[in-house]
Amino acid sequence: CFPEAREASEYSRTEIGLIAAHLRSRYPLIVVDMSNRLPDPTGGPAAAAAAYWLEHADVLVLPSAASKQDFNGVLDYLDVQDLPPVIVASLVPRTRRNRDHPLTRRYMTAIEQRVYRVVNIPDDAERVRYAGMQGVPVESVSASLRAAYRELADAIVLAPQAVSP
């Protein structure tokens, strides 16, 4: 939750709590797109905002491409204490060579054991970029991408009930 000018904006734990309460009172589902920072109240504005928003989250979605950097980023995030149910939106490489690489499989196995769900998203990056330039909704890019986003939305909605005590 940053204004358009991101240079000097910081939100306190209290301010984020108020925003979260306001949104929760009006909407059944709230999606907060955060910066790519590990949550840390002392790690600067973006990391602090991530930490404070996670205090209110019912579900955490972590996107990941098939790279060592992305996989390690997901595993680092999973080391954070007291996370809500985690769903990994995994961008599946187009080539079988990358999908089936032993390192990719090891990382994905390690991730799958620690999260509520992994949802595979087809890598339609070129068509998504073109659709964006044309002003076409992403879900109209392909049937497989539309189905993956629907599966992701279902997982997000169902996760809090699935892991509740």
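The values are calculated or read from the model by the stated rules, or taken from the named source; none is laboratory data. None of these values were measured; they are calculated from a predicted model. Heads up, the Cβs are rebuilt from the backbone with ideal geometry, glycines too, and the neighbour counts pull from every protein chain shown. With ligands, DNA and RNA removed, areas are computed over all heavy atoms of the protein, side chains included. Shrake-Rupley method; radii C 1.70, N 1.55, O 1.52, S 1.80 Å.
Relative to the first principal axis of the alpha-carbon coordinates of the chain, what is the inclination of helix 125-134, with its axis defined by its Cα atoms, in degrees from 0 to 90 and to the nearest 10?
For 125-134 against the chain, the angle is about 60 degrees.
For residue 42, what accessible area in Å² do you get when you roll a 1.4 Å probe over the heavy atoms of the protein chains, rounding to the nearest 10?
120
For residue 162 and residue 136, what does the FRET efficiency come to when R0 = 41 Å and r is the distance between their Cβ atoms, rounded to the nearest 0.05?
On the way: r = 33 Å, r/R0 = 0.81.
The value I calculate is 0.80.
Build a GNM of the chain with springs between Cα atoms under 10 Å: which of 78, 103, 152 gets the top mean-square fluctuation?
Among 78, 103, 152, the largest mean-square fluctuation in the Gaussian network model of the chain belongs to 103.
In whole percent, and with a 1.4 Å probe on the protein chains, what portion of the accessible area of the range 62-109 is carbon and sulfur?
Of all accessible area on the range 62-109, carbon and sulfur atoms account for 48 percent.
Pick from 138, 118, 88: which residue has the top mean-square fluctuation in a GNM of the chain where Cα pairs under 10 Å get a spring?
138
Kindly report the accessible area of the range 30-88 per residue (heavy atoms of protein chains, probe 1.4 Å, no ligands, DNA or RNA), in Å².
Normalised by residue count, the accessible surface of the range 30-88 is 52 Å².
May I ask you to give the average projected area over all directions of the convex hull of the Cα atoms of the range 49-94, in nm² rounded to one decimal?
Details: hull surface 13.5 nm².
Its average projected convex-hull area is 3.4 nm².
Measure off 7 Å from each Cα along the Cα-to-Cβ vector at residue 112 and residue 23, then give the distance between these two points in nanometres to one decimal.
3.1
Picking from 50, 155, 20, which is most flexible by a Gaussian network model of the chain using Cα springs under 10 Å?
Among 50, 155, 20, the largest mean-square fluctuation in the Gaussian network model of the chain belongs to 20.
Report, to the nearest 10°, how far helix 68-78 tilts away from the longest principal axis of the Cα atoms in the chain, using its own Cα long axis and a range of 0 to 90°.
So the helix axis and the longest Cα principal axis differ by about 40 degrees.
How large is the Rg to Rh ratio of the chain when both quantities use alpha carbon positions and Rh follows Kirkwood?
In the chain, Rg relative to Rh is 0.98.
Roughly what angle does helix 102-112 make with the longest principal axis of the chain, taking Cα atoms, 0 to 90 degrees, to the nearest 10?
With rounding to tens, the tilt is 40 degrees.
Residue 22 accessible area, nearest 10 Å², 1.4 Å probe?
90
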